[in-house]
């Protein structure tokens, strides 16, 4: 792993025991940020619960928890735009996750590569990227 | 701005009116991700309220809302490690912010550059970076 200082590798938890000690909110959820592993582009933020974290670590394919559907949200299940896990990180307070992923095509339901396509510029909020794929094509028919 | 497709700049809001339309949680807060603008390193995730967003946009210096202290958290106020705003982004659902920042020194209260210093590797959760500065020095005396 690039830039890793081997000396400083201190094991905090064995296997998946850390999942129990993460700080979940009152709904049992923790925010998870997805970043493209090579370009470092920020793609999206979503939520995970214990079961979706375990599934993600076991399968290597990112699975969030959909708050609106109250169901597993296996990224790409309906759009085909899957998110494969490259690295799984936890922050200092155990209350935020960082997923380094390899995202196929758009991460955003609008068909854009990233969900963060609105920028505050010259005193206005602007859209500054176009969809890669028409969402009608993504979610089809 | 690099990579910006000028054709696609659609103005959604004038001035700071968008701040009213962001989706805040029941505590009036919205998650804000801080990313180093040039290296694209993920630094931290924290929370903002309306007033801290307005202050950040007006001053160009990042101000979060501290949930533990229930007070403004002007990044660097006690440690000197300020976070200057380079770009302010909003996601598709208006419920997450992405701040491109220029972070002086460590972003993390442990003295590390990033809060995301724990990595799941070889079936264990490991620490893989060292503090840049001893936190005792940062928060002093």
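Bear in mind these aren't lab numbers, they're just calculated from the coordinates by the rules spelled out. Because the structure is a prediction, the values reported are computed rather than measured. Here Cβ is always computed from backbone atoms with ideal geometry, including for glycine, and neighbour counts include all displayed protein chains.
Neighbouring Cβ atoms from other chains, within 10 Å of the Cβ of residues in A:125-134, number 5 on average.
Using a cutoff of 8 angstrom between alpha carbon atoms and counting only pairs six or more residues apart, the relative contact order for chain B works out to 19 percent. What does the C-alpha gyration tensor say about the overall shape of segment A:70-141? Classify as rounded when a/c is under 1.5, otherwise prolate if a/b is larger than b/c, or oblate. In terms of gyration-tensor shape, oblate. Helix B:50-59 axis versus longest C-alpha principal axis of chain B: approximately 90°, rounded to the nearest ten. Starting from the Cα gyration tensor of segment B:18-141, take the square roots of the eigenvalues, sort them a ≥ b ≥ c, and report rounded, prolate or oblate (rounded when a/c is under 1.5, otherwise prolate if a/b is larger than b/c, else oblate). The shape class here is prolate. Sorted from closest to farthest, the other copies place their residue B:127 label points 4.6 nm away, with each point set 7 Å from Cα along Cα→Cβ. With a 10 Å cut-off around each Cβ of A:38-45, the average count of Cβ atoms from other chains is 4.
Between segment A:28-101 and segment B:99-138, the C-alpha centres lie 21 angstrom from each other.
Starting from the Cα gyration tensor of the protein assembly as shown, take the square roots of the eigenvalues, sort them a ≥ b ≥ c, and report rounded, prolate or oblate (rounded when a/c is under 1.5, otherwise prolate if a/b is larger than b/c, else oblate). In terms of gyration-tensor shape, oblate. Distances between copies of residue A:24, taken at a point 7 Å out from Cα along the Cα→Cβ vector and listed shortest first: 2.8 nm. What separates the residue A:82 label point from its copies, with the point 7 Å along Cα to Cβ, is 4.7 nm, written shortest first. Of the residues A:122, A:102, A:91, which exhibits the maximal mean-square fluctuation in a Gaussian network model of chain A defined by a 10 Å Cα contact cut-off? Between A:122, A:102, A:91, it is A:122 that shows the largest mean-square fluctuation.
Distance from the A-onto-B rotation axis is smallest for the Cβ of the chain A residue given, in whole Å, as A:40, 2.
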